[in-house]
Ligand code: GCU
């Protein structure tokens, strides 16, 4: 049953792959000097107007430039991958879900000393011949809310309003298992997938100050908050997902070539950014991510750039606020994030009653990313119109909308598995 195993494992093999994750430092003009674009800007046109016609130009020039643009004007640039990434297996249980799975709780730490630790809950299917494909993503309220398991560690950090069982912003036992219907962990095991998740507040509590989480540990001397082009909370969360991937690629139970990122809403925005920035992530599923994620910033439907910046000023860098009344000056839109993921598969999943997240606008975003997929020689959306609710469509660019409201449900996972199966062949091969 439960084994207390504490294994220090220095993560090697990260050198060049990790350095390659980070865009070169870019300098771009002030927002007032950007030319307006009424429509979604062409992802295959360089900032200086040149066309991108070859895969080499895409890979060597435009892709790095786009990464730089989205960091500079919107999410802020995250620091390079940290040194000293280490993992410690705190607990394992190889009799999970009636013996179908093994649970591991893994603490991931990194330099500088004193930086927050990530507490990863990893559940892998037992008895497979090959390493398992895995989903990785952040959760809103702590690992303990997702399973019926009194041994899972409670988060020790600040928890937001709405956290089940929390008292004075601290997690308590009363929250255990209260969000079991959100992450379909046992179903994932039955479909042959491992799942890795951690509480987003491990990396940065979701509140508008930069005094906690990872930010203070990476501030240049004399600064008390990130600079105007430096990482906001969503970029920090995405960076945290990359730290979980640092661990997952070293775990022999996991197939490092089949890691999919998933997330709901603000954590879906994060999932898309993580996949855009980290090419080790093989597939992305942002669910109902909306403005600042999967919906176009240039849209009058649902949440606007001004609204998201006013309500959640910490999510993006300060420069993004300059677009509140002039979104048409953005030199990219959210299809550029999808383009950065190309040629890897992306699924946008939605709900009919969640118009705040602009499901129709999201369909248009996928469409606008398609030319990059075509340039890279793979299929894109493959359909002209939004499908009726309940039908998954698309090739590398998948789209799904179901009846109902803004939420992540056990049924949503069936679509996630179907989409991942399409692209991760042999996912269910034992
Ligand atoms: C708010 C916010 C959205 C966000 C959502 C969520 O509704 O306006 O941008 O996606 O919260 O994260 O649940």
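Between residue 360 and residue 306, what FRET efficiency follows from the Cβ-Cβ distance if R0 is 22 Å, with the result rounded to 0.05? Provide the component values of the computation, followed by the final result.
Details: r = 21 Å, r/R0 = 0.93.
Rounded to the nearest 0.05, the efficiency is 0.60.
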**Q.** Length added when fully stretched, residue 46-residue 217, from 0.36 nm per residue minus Cα-Cα
**A.** 58.1 nm
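Looking at the range 86-423 only, what percent of DSSP beta bridges run antiparallel? Nearest 5 please. Show your work: numbers first, answer last.
Working: 21 of 44 bridges.
Among the beta bridges of the range 86-423, antiparallel pairing accounts for roughly 50 percent.
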Q. Taking Cα atoms, how many degrees apart are the long axis of helix 266-277 and the longest axis of the chain, rounded to 10 and kept between 0 and 90?
A. 70
Q) How many angstrom lie between the C-alpha centres of the range 44-65 and the range 352-404? A) 24
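Which of rounded, prolate or oblate describes the range 286-366 when judged by the alpha-carbon gyration tensor and an a/c cut-off of 1.5? Let's see the in-between values first.
On the way: a/c = 1.80, a/b = 1.29, b/c = 1.39.
Because a/c hits 1.5 or more and a/b fails to exceed b/c, the range 286-366 counts as oblate.
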(Q) Can you order the peptides 162-170, 127-135, 199-207 by their average number of other Cβ atoms within 10 Å per residue, highest first? (A) 199-207, 127-135, 162-170
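What are the equivalent ellipsoid semi-axes of the chain, built from the alpha-carbon gyration tensor (square roots of five times its eigenvalues), in whole angstrom, biggest first? Write out the running numbers ahead of the final one.
Working: eigenvalues 202, 122, 91 Å².
Working from the Cα gyration tensor, I get semi-axes of 32, 25, 21 Å.
Once every DSSP H run of n ≥ 4 in the chain is given -39500 (n - 2.57) and the sum is divided by its residues, what mean residue ellipticity at 222 nm do you get, rounded to the nearest 500 deg cm²/dmol?
Numbers: 9 runs with 93 residues, N = 430.
Calculated from helices alone, the mean residue ellipticity at 222 nm is -6500 deg cm²/dmol.
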Q | Virtual spin-label span in nm between residue 95 and residue 53, 7 Å along Cα→Cβ | A | 6.7
Q: Would you mind checking the range 386-401 for residues with the amide N under 14 Å from a putative spin-label position 7 Å along Cα→C-beta of residue 414?
A: 390-392, 401
Q.
Counting other beta carbons within 10 Å of each residue's own, what order do 111, 173 fall into, fewest first?
A. 173, 111
Q: For the range 293-430, just the Cα atoms, rotate onto the principal axes and tell me the three extents in Å, largest first.
A: 50, 36, 30
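For a footprinting-style exposure proxy, rank 353, 56, 179 by other Cβ within 10 Å, fewest first. Write down the numbers at each step before the final one.
Details: 353 13, 56 9, 179 19.
Lowest to highest Cβ neighbour count: 56, 353, 179.
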Q) Can you sort 144, 26, 215, 423 so the residue with the fewest Cβ neighbours within 10 Å comes first? A) 26, 423, 215, 144
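Each reported figure results from applying straightforward, stated rules to the coordinates on display, with no laboratory input. For clarity, every value in this text was computed on a predicted model and none was experimentally measured. Glycine also receives a Cβ, built like all others from the backbone with ideal geometry; neighbour counts cover every protein chain displayed.
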